[in-house]
Amino acid sequence: MAPTAMYVHIPFCKQICYYCDFNKFYIDNQPVTEYVQALKQEMTYAFQDKVLPLSSIYIGGGTPTALSIEDLETVLTDIHENTRLDKGGEFTVEVNPGEADADKLLMMKKLGVNRLSIGVQAFQNSLLSKIGRTHSAEEAQETIALAKKAGFENISIDLMFGLPGQTMEMWEETIQTMLALDIPHVSAYSLKIEEKTMFYNWYRQGALEPMPEDEEAQMYEKLTSLLFDAGYDAYEISNFAKKGYESQHNQVYWKNEEYFGFGAGAHGYLDGERYMNTAPLNHYIKAVQHEKTAVKERHSVSLKEKMEEEMFMGLRMKKGVDDKRFKEKYGCSYLEVFENAVPALIKQGLLINTEGSLRLTEKGRLLGNEVFEQFLLD
Ligand code: SF4
């Protein structure tokens with residue numbers, strides 16, 4: 001069965017943030033028009049000129065809104081022509097504050113976008129400039145107000161904690177500002193210092209000190225308690241939603257389901273194979289033009305890997321991994337496959353196995369990575 005979710009990558013940004021290791025390019029002087037054309041070709045070839053029914057479309061980056069209104073409209077129109085979104089389906093576009101005026105937002109709405117994910121990160125200008133963001137807290141608030149005015153109800157914002165120079169007071173102020181703005185979904189991630197980023201260079205030079213783990217954990221606890229009190233469900237380790245606003249697209253990943261991936265450096269999962277497109281822009285454009293695909297690497301996922309991934313990804317969700325579903329997919333219970341790991345982790349108070357589902361406990365949520373590594377089969 002063909003996947004019902006699709007990810008489209010727009011690898012352009014108007015700034016390069018100091019922490020970012022995504023496949024992205026500073027937009028000036030890039031072959032944007034050729035890229036937009038290649039995206040359409042890649043999609044058409046993959047769908048074999050058929051209109052594909054989908055339940056979720058996600059345009060991420062980079063920054064989709066770094067595109068001009070005309071280029072973004074072309075991308076959305078191409079998607080519109082090649083796909084049919086199910087009733088109740090989700091169509092998300094990532095937005096950077098200050099890059100979407102009323103016209104751009106209304107155009108997105110008209111072409112079927114029904115969810116926005118806004119990269120706010122923090123509500124303090126001093127902190128935003130320290131991480132290389134060029135927008136201000138005021139612009140973030142303005143973009144949110146414009147999005148609501150354009151008729152978007154399903155809005156998510158991204159926030160970051162564990163940032164250099166970020167105090168608990170700043171973090172609490174950011175969360176309270178988000179709550180006052182009445183945003184129904186928030187994704188909150190701690191800073192990870194990744195290779196090939198400015199932060200990594202500064203860290204290696206001794207010019208950047210990561211936040212101590214216990215302080216970072218306190219920030220996570222502050223987040224979960226404030227959001228819980230405000231009626232948000234921590235439906236995934238880093239994602240919080242008011243009822244009915246859980247991200248459908250991300251659940252495709254956490255449920256270990258297949259999806260199409262289009263664009264430079266995009267990942268996809270199709271017919272039991274995970275694949276990655278070539279990342280450099282010109283390589284991507286030429287590959288699509290000449291070979292009708294830009295796939296650079298393919299990996300056939302073994303049964304063992306599928307079962308491992310099912311646990312790593314599924315345990316991130318509050319509802320955990322459902323044993324009935326696991327049995328349907330793999331023909332046996334997770335209790336049989338992970339016969340040593342599960343009882344040991346339950347004994348340590350990190351997992352709980354009730355009502356046919358395996359879930360992380362509160363303690364397990366804080367120690368997620370330590371739990372996940374126990375599900376590696378040798
Ligand atoms: S974090 Fe987003 S806006 Fe910043 S460089 Fe990365 S992709 Fe671009």
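Each value in this text was obtained by applying a stated rule to the coordinates, not by laboratory testing. It should be emphasised that the depicted structure is a prediction, and the values quoted were computed from it without experimental measurement. Cβ atoms come from the backbone with ideal geometry, glycine included; neighbour counts cover every protein chain shown.
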- request: For the stretch 278-311, run through the trypsin sites (Lys or Arg not before Pro) and keep only the ones in DSSP coil with at most 15 other Cβ atoms within 10 Å of their Cβ.
  value: 292
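Based on the mean of other beta carbon atoms within 10 Å per residue, what is the order of 266-279, 18-31, most packed first?
Details: 266-279: 18.4, 18-31: 16.1.
Sorting 266-279, 18-31 by mean packing, highest first, produces 266-279, 18-31.
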message: With N set to the number of residues, divide the alpha-carbon radius of gyration of the chain by 2.2 N^0.38 Å and report two decimals.
response: 1.00
query: When the dipole is taken about the Cα centre of the stretch 303-375, and only Lys, Arg (+1) and Asp, Glu (-1) are charged at their Cβ, what size is it in debye, to the nearest 20?
result: 260 debye
- request: Identify, among 343, 360, 371, the residue whose Cα sits farthest towards the positive end of the charge dipole of the stretch 303-375, taking +1 on the Cβ of Lys and Arg and -1 on the Cβ of Asp and Glu, with the dipole about the Cα centre.
  value: 360
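Rank-order 355-364, 202-211 by packing density, defined as the average count of other C-beta atoms within 10 Å over each peptide's residues, highest first. Intermediate values should be presented prior to the final figure.
Details: 355-364: 16.7, 202-211: 12.5.
Ranking, from highest mean packing down: 355-364, 202-211.
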message: Give the list, by residue number, of cysteines in the chain with no other Cys Cβ closer than 4.7 Å, or say none.
response: 13, 332
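Sum up the charges of everything whose Cβ sits under 10 Å from the Cβ of residue 231, counting Lys and Arg as +1 and Asp and Glu as -1, but leave residue 231 out.
Counting the neighbours of residue 231, the net charge comes to 0.
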- prompt: Can you list residues whose amide H is under 5 Å from residue 91's amide H, if they're 5+ apart or on another chain and H is modeled 1.01 Å from N?
  reply: 57, 114, 115
message: Less than 11 Å Cβ to Cβ from residue 245, Lys/Arg counted +1 and Asp/Glu -1: what total charge do the surrounding residues give?
response: -1
query: Can you give the net charge of the other residues whose Cβ lies under 9 Å from the Cβ of residue 40, counting K and R as +1 and D and E as -1?
result: -3
message: So if I take the centroid of the Cα atoms in the stretch 312-378 and the same for the stretch 136-204, what is the distance between those two points in Å?
response: 30 Å
